[in-house]
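The values are calculated or read from the model by the stated rules, or taken from the named source; none is laboratory data. Only a predicted model underlies this, so the values are computations on that prediction, with no experimental measurement involved. Here the Cβ positions follow ideal geometry from the backbone for every residue, glycine too, while neighbour counts run over all protein chains shown. Each accessible area value is taken on the protein alone, full model and side chains, heavy atoms only, with ligands, DNA and RNA left out. Shrake-Rupley method; radii C 1.70, N 1.55, O 1.52, S 1.80 Å.
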Amino acid sequence: MGDMQKILSPFFEGSGLKRGLPATAYTGQDFWEVECRTVFHRNWVCVGFAHELKESGDAVPVTIANKPLLIVRNTKSEIRAFHNICRHRCLTLVDEPKNVGKLIRCPYHAWAYDLDGQLRAAPHFGGPNQHNHEDFDKKANSLIPVRTHVWNDWIFVNIDGKAEPFEDYSATLQARLDGMEWDKIDCVATLDFGEVACNWKFIMENFIEPYHVQFVHSTTTDQPLEDHYTIVDGNCMGSAVDLEEEIGTSGSLGVSSRYLALYPNFILGRYFPDQLGVYLNIPNGPGTMLQKRAIYTTAGQKLDGHDVEGLKKLWWDVHKEDHEMTERLQLGRASSISEAGGVLSPAWEDSVRAFQDLVARDVTTENT
Ligand code: FES
Ligand SMILES: [Fe+2]
């Protein structure tokens, strides 16, 4: 039996009620590293918002699965991703979001790559004013590209290059967004929460179960539990609430909603009639992650500054309520009580279990 199989045996065991993942899946360095090599390598992982790269030359570094990547908008206005690694001595090339102009220049010995990753200059590589060398093949020392797909405002990468095409991978999610007029989507604000001190899976699991909403968000939302249902459909899982009419008062959320996740780290909330929110979740260690949320209007409407501030405040408060819970879930994993995982509600947390099943599938099949 492999190590991962052994660690997960309480998760796979037994009949009756299902258990969640064991504590080490949220705290263990080894588990995290296996996730990096499997979950975040094999699948389509969301790494950025296209609206953060407006101009040609805009470059945003992001570390995913322990791998420094660089997202760039090229001269044809396409978004490209590369390993953020200079081919000379393997320095990370870009360390903060910026516009690099026409060339990505390494700060160490000034090797320069164009926005499609081609190595254009390796000054004095062969000696004083010798910018070439007979054994040196510039083409073979270009940046290493990473498979990329941009879906609306959301940039996905598939590091191992072997996942099915994004359209197929995300088909069950996209089928639930029928009727969306994608060309009318407009990002009106982005919230940057910075670090959240929990494992990335807690943020995902929290989003895809409706069970906590009435307790944790009692002042910010108005969505009765009995109106919710869970969604489990391939790579898409989540929950939804269908309300007859808007029951929210000003400043709270009481509208029909879809809370949809695309395995592993993409989260989209659709709030009828005309709002969308997408979270960027970047795990960066077993007990820590970064989170942003972009807020969109979906019907081409224009909001004034007051409306936008109101939305930002609402979502900031909702997220802080969630973060408090997910950080406490993390703290709870320090105790031996949580070694075998918690127990999942068959009514409200089957979607959580479906997400965990995909994680378990990936980490137990590293060498297959
Ligand atoms: S390490 Fe980049 S140019 Fe030397
Ligand atoms: Fe929540």
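Taking only pairs six or more apart or across chains, which ones have beta-carbon atoms under 8 Å, a first residue in segment 112-135 that is under 21 Å from residue 69 (Cα atoms), and a second residue that is hydroxyl-bearing (Ser, Thr, Tyr) and open to solvent by 40 Å² or more (accessible area, probe 1.4 Å)?
The qualifying pairs are 115/56; 115/75.
If you take the residues of segment 209-224 that are outside any loop (DSSP other than H, G, I, E, B) and touching a residue at least 40 places away in the same chain (Cβ under 8 Å), which of them is surrounded by the fewest Cβ atoms within 10 Å (Cβ to Cβ)?
Across segment 209-224, the extreme among qualifying residues is 216.
Being at pLDDT 95 or above and surrounded by fewer than 17 Cβ atoms within 10 Å (Cβ to Cβ): is that true of residue 195 here?
yes
Restricting to segment 70-97, count the residues that are more than 11 Å from ligand 1 (Cβ to nearest atom) and on the phi > 0 side of the Ramachandran plot.
Number of matching residues: 1.
Would you list the strands (runs of 3 or more DSSP E) that sit entirely within segment 257-368 and hold 2 or more residues that are of a type in the set (Ser, Thr, Tyr)?
In segment 257-368, 257-262, 289-297 are the strands (runs of 3 or more DSSP E) which contain 2 or more residues that are of a type in the set (Ser, Thr, Tyr).
Going through segment 314-361 one residue at a time, which ones are in contact with a strand residue (DSSP E or B) (Cβ under 7 Å, 6 or more places away or on another chain) and open to solvent by 70 Å² or more (accessible area, probe 1.4 Å)?
If the condition is that a residue be in contact with a strand residue (DSSP E or B) (Cβ under 7 Å, 6 or more places away or on another chain) and open to solvent by 70 Å² or more (accessible area, probe 1.4 Å), then 316, 343 are the ones that fit.
Give the residues of segment 79-111 that are touching a residue at least 60 places away in the same chain (Cβ under 8 Å) and open to solvent by less than 30 Å² (accessible area, probe 1.4 Å), sorted by residue number.
79, 81, 82
Among (1) open to solvent by 30 Å² or more (accessible area, probe 1.4 Å); (2) within 22 Å of residue 195 (Cα to Cα), there is one condition residue 291 misses while meeting the rest; what is its number?
All conditions are met except number (1).
Got a sec? Which of 37, 42, 80, 87 is within 30 Å of residue 128 (Cβ to Cβ), charged (D, E, K, R) and modelled with pLDDT of 95 or more?
Only one candidate qualifies: 87.
If I ask for residues that are more than 16 Å from ligand 1 (Cβ to nearest atom) and either of a type in the set (Val, Ile, Thr) or part of a strand (DSSP E or B) (or both), which ones from segment 58-69 would you list?
Answer for segment 58-69, where residues must be more than 16 Å from ligand 1 (Cβ to nearest atom) and either of a type in the set (Val, Ile, Thr) or part of a strand (DSSP E or B) (or both): 58, 60, 62, 63, 64, 67, 69.
Check 96, 55 and return the single one that is part of a loop (DSSP other than H, G, I, E, B), in contact with a Lys or Arg (Cβ under 7 Å, 6 or more places away or on another chain) and not assigned by TED's automatic domain parsing to the domain that holds residue 356.
After ruling out the rest, the residue left standing is 55.
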